[in-house]
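In what follows, a single structure is set out as structure tokens and then discussed.
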Amino acid sequence: MRYRTDFNPSLLGTTPDVLELGPWRLHYLAFANSAGDSREPVLMLGGAFQSFRSFANEVQELLAEHPVILLDLPGQGGNLQEAGELSLEQLADLIAGFAESLDLPPLMPIGLSYGSTLAALFASRHPQRCARLLLSGITAFGRPGSRRLLEEGLSLLAEGRQQAFAQAALNNLLNPQQMQHTDVAPAFRKALLRQMQRLSAAEISRYRQNSQRLLDFAGFRQHPQCPTLVLAGEFDHFTQPWEQALFAAACPQGRYSLIQGADHLAQFERREACAALYQPFLRGEPVPEQVSGGRTLASQHLTRLERRSEARRRPQLPRAQLRHAEAGSWSVEVSELGFFGGKLNAALPTDLPARGWQLQWSDRPALEILPLQHSSQGFSFVTLHSDADASGALAAQLLPAPLSACA
């Protein structure tokens, strides 16, 4: 590997280098302080809506001590090559092929959101090629609510409801109930919403492929054996803190740090806190137990984290109408309600449709909901949040209350 030594942030928008592995094209940029640097490089693997430009700050910080490689696999980031036939495992194997072809020393991947699953699979399937592993937003997508929301997003896109898809995706990625804590700028939310509202046909196709890979993924048969650090935002609803803690607990050398005042994009929302934890880790030093804005949990606590993601309460007006265009309408009693879901009671048929449900109070916009566990007495549900007005009305309706079990 010959590294570029002239890094500045503008270079992240330039044409990347391309490595061809059989029919597949891998895009990358590689930087170091010396062209022939032989140290273990950091490998950046981003999420579904991230490009190389997203990592300008991280590259600048890391280059003082490590070579840095940014990689877009087929169908990821700025790499537009279609690769719908490739599984997550096969994409992870391409990372190993990349390292072998360029004769790289063991890598130190940083995987964020979607990229975290690829990084973790690479580390577990090719342990000899991975020195250390840093993950943020890792999950196997086994939680019923998260799977239903991902499936519904694909259905909305198939129906051409891109505005509804974008609104729902935004509210799951950036927790709107915790904006006073996460300090996510309204301008950033609007920009991300516009980006998802304006996805091209090719970008929608890639999103479908990436999402379907996650839904098809059967879970980790083995976990990374190398030193592994998992960073989790305390308000992350999409990949919840307890899920990420279980992954860290399954890694023989796993550590887990909770980032305060962050949700799914902890790496970008709380840069200083995250850097104070991962920089010592990448140097091979112990992960600090406490930094400003973050703390590392002892291993014995990782399987005991609270699984309730939000406050649930009985609404002041529990009577509501459950409606479905084909199945009919029922008067129901909402026994638990939070921003992301709840539970309703009613005598319902057992063969309910999986989607197309609305929950409505007389004076509020109808909420689109997705049933989960169903019995003859009713069902628990997750809220789709595909309509901004309905989401805003629900947020205004909710008041602080003791926690109750989440859907």
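The values are calculated or read from the model by the stated rules, or taken from the named source; none is laboratory data. Just so we're clear, the structure is a prediction, and the values are computed from it rather than from any experiment. In this analysis, Cβ positions are derived from the backbone assuming ideal geometry, glycine residues included, and neighbour counts consider all displayed protein chains.
Of the residues making up region 326-344, none is at positive phi and in a loop (DSSP other than H, G, I, E, B).
Among residues of region 1-59 being of a type in the set (Phe, Trp, Tyr) and touching a helix residue (DSSP H, G or I) at 6+ places or on another chain (Cβ under 9 Å), the one that is nearest to Asp72 (Cα to Cα) is Tyr28.
When Leu199 is evaluated against the numbered criteria (1) farther than 27 Å from Leu246 by Cβ; (2) in a helix (DSSP H, G or I), which criterion, by number, is the only one it fails? With (1) farther than 27 Å from Leu246 by Cβ; (2) in a helix (DSSP H, G or I) applied to Leu199, the lone miss is (2).
Keeping to region 96-124, report how many residues are in contact (Cβ under 8 Å) with a residue 40 or more places away in the chain and more than 20 Å from Ser211 (Cβ to Cβ).
Looking only at region 96-124, we keep the residues that are in contact (Cβ under 8 Å) with a residue 40 or more places away in the chain, and these are 97-98, 101-121, 123-124.
Restricting the remaining residues to those that are more than 20 Å from Ser211 (Cβ to Cβ) gives 97-98, 101-110, 123-124.
Here the count works out to 14.
Can you name every residue in region 32-60 that is crowded, with 21+ Cβ neighbours inside 10 Å and in contact with a Phe, Trp or Tyr (Cβ under 8 Å, 6 or more places away or on another chain)?
Ala32, Met44, Gly46, Gly47, Val59, listed by residue number.
Which of the residues belonging to region 312-325 are more than 27 Å from the chain's Cα centre (by Cα), crowded, with 17+ Cβ neighbours inside 10 Å and part of a loop (DSSP other than H, G, I, E, B)? Once the filter is applied, which keeps residues that are more than 27 Å from the chain's Cα centre (by Cα), crowded, with 17+ Cβ neighbours inside 10 Å and part of a loop (DSSP other than H, G, I, E, B), region 312-325 yields only Pro315.
Scanning region 278-311 for residues that are touching a residue at least 60 places away in the same chain (Cβ under 8 Å), part of a loop (DSSP other than H, G, I, E, B) and touching a helix residue (DSSP H, G or I) at 6+ places or on another chain (Cβ under 8 Å) yields a count of 4.
Contact map, region 225-248: residues that are assigned by TED's automatic domain parsing to the domain that holds Ala275 paired with residues that are in a loop (DSSP other than H, G, I, E, B) and of a type in the set (Asp, Glu), Cβ distance under 7 Å, separation 6+ or inter-chain. Pairs shown: Gly233/Asp263; Phe235/Asp263; Asp236/Asp263; His237/Asp263; Pro241/Glu234; Trp242/Glu306.
So, of the residues in region 372-387 that are over 22 Å from the mean Cα position of the chain (by Cα) and buried (at least 18 other Cβ atoms within 10 Å of the Cβ), which turns out to be farthest from Gln197 (Cα to Cα)? Full working, then the answer.
Step one: filter region 372-387 for residues over 22 Å from the mean Cα position of the chain (by Cα), giving 373-380.
In the following step, the residues that additionally are buried (at least 18 other Cβ atoms within 10 Å of the Cβ) were identified as 378-380.
Numbers: Gly378: 34, Phe379: 31, Ser380: 29 Å.
By that ranking, first place goes to Gly378.
Scanning region 92-114 for residues being assigned to a helix (DSSP H, G or I) and modelled with pLDDT under 95 gives a total of 1. Scanning region 351-363 turns up at least one residue that is in a strand (DSSP E or B) and of a type outside the set (A, V, I, L, M, F, W, C).
In region 126-159, how many residues are small (Gly, Ala, Ser) and more than 30 Å from Glu100 (Cβ to Cβ)? Quick ask: steps written out before the conclusion?
At the first step, the residues of region 126-159 found to be small (Gly, Ala, Ser) are 131, 136-137, 140, 142, 145-146, 153, 155, 158.
Now narrow it down to the ones that are more than 30 Å from Glu100 (Cβ to Cβ): 142, 145-146, 153, 155, 158.
So the answer is 6.
Does region 122-132 include one or more residues that are hydroxyl-bearing (Ser, Thr, Tyr), crowded, with 18+ Cβ neighbours inside 10 Å and modelled with pLDDT under 95? No, every residue in region 122-132 fails to be hydroxyl-bearing (Ser, Thr, Tyr), crowded, with 18+ Cβ neighbours inside 10 Å and modelled with pLDDT under 95.
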